[in-house]
Amino acid sequence: MEQALHRLTVATDGQGLFDVTSRICQWVEAQTIATGLLTIWCRHTSASLLVQENADPDVRADLAAFLRRLVPENAGCRHRDEGPDDMPAHIKAALTQTQLSIPVGNGRPLLGTWQAI
Amino acid sequence: MEQALHRLTVATDGQGLFDVTSRICQWVEAQTIATGLLTIWCRHTSASLLVQENADPDVRADLAAFLRRLVPENAGCRHRDEGPDDMPAHIKAALTQTQLSIPVGNGRPLLGTWQAI
Amino acid sequence: MEQALHRLTVATDGQGLFDVTSRICQWVEAQTIATGLLTIWCRHTSASLLVQENADPDVRADLAAFLRRLVPENAGCRHRDEGPDDMPAHIKAALTQTQLSIPVGNGRPLLGTWQAI
């Protein structure tokens, strides 16, 4: 079975949810995999992966607002090396995913209609 | 290595936790895989996967009650296309899993004694 | 493709976050895998897996404190077979991960600089 490793670098401008679906799907489609498994691993501890709808931008805004309320910056955390949003970023990462493995069929990740990464 | 894709459709009657362990295990046992990896991908953004005990039904009830308190329907979300439970369902999905990869040995998913999907 | 199953037993002394990175990496490095995928499955429903920073011990302490506040022991849960920390342990497991699949390159899990399991 063919196995390929690829590093994808994503630039961000601070806190937020960033859609990487098209970049990931483009890479998979450029491979010669018909059926297989795409594993995405986030090599950070204050950033993470999640799958959600991105058709209605309100979903992304509501989800970000929920996470800010759930993990506020003034929650008395001791780890603040990189500012008040440092530890909340670690906690949000722990509550979401560091890894996703997506089945690939016909050369494409088999995401549902509304799923974005 | 043999690779097989299979689509499992699960009917639900609204919010809740639904045990799909036996349906998943039956499919795996019908394959000719001795040792391998079963990857389950949920193709939705308002439904998700999780592994929990289902021997004592109180665990499932307590977990559902916790998630309803954590993500109440009146939390001021803007995305309500499908009603007040629309955005809470997305958030609960984001906090649980979209994907599970379970080692398979002796032709069966190697779940722990108390684990249900 | 080579496939190996291995059972790792981790002793704990009650609630907490336990670093298993070195034990896991040592096992992988003892295999003859150059490029591949390491899947870790936790066979419990009141213990789980997560990836976080463990360089500054405050991160682990802050994360444990956050989870205790989010899922307090007096939250009125019915499932208390093994005491007041029984159901909170199940809920914390549901909010984190039961499984991790980590890409392996050059015979080692490709964890980021600050990532610990």
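Read-outs: derived from the displayed coordinates by stated rules, not from any lab. These numbers were taken from a predicted model, which means no experiment stands behind them. FYI the Cβ positions are ideal-geometry reconstructions off the backbone, even for glycines, and counts take in every protein chain you see.
Per Stokes-Einstein, at 4 °C and 1.567 mPa s, what whole-number D in µm² s⁻¹ belongs to the protein assembly as shown, with the Kirkwood radius over Cα pairs as the hydrodynamic radius?
It diffuses with D of about 62 µm²/s by this estimate.
Taking a virtual spin label 7 Å from the Cα of A:ALA4 along the C-beta vector, which residues in the stretch A:92-117 bring their backbone nitrogen under 17 Å of it? What the label zone holds, given the 17 Å backbone N cut-off, is A:102-110.
Estimated from helices alone, the mean residue ellipticity of the protein assembly as shown at 222 nm is -9000 deg cm²/dmol (sum of -39500 (n - 2.57) over DSSP H runs with n ≥ 4, per residue).
In this label model, B:TRP27 and A:ASP85 are separated by 4.0 nm, measuring between points 7 Å along each Cα→Cβ vector. So what does the Cα-only Debye profile of the stretch A:1-57 read at q = 0.26, 0.27, 0.31 Å⁻¹, as log10 I(q)/I(0), no solvent term? Relative scattering, expressed as log10 I(q)/I(0), comes to -1.33, -1.39, -1.59. Stokes-Einstein diffusion of chain B at 10 °C, 1.306 mPa s viscosity, Kirkwood radius from Cα pairs, rounded to a whole number: 100 µm²/s.
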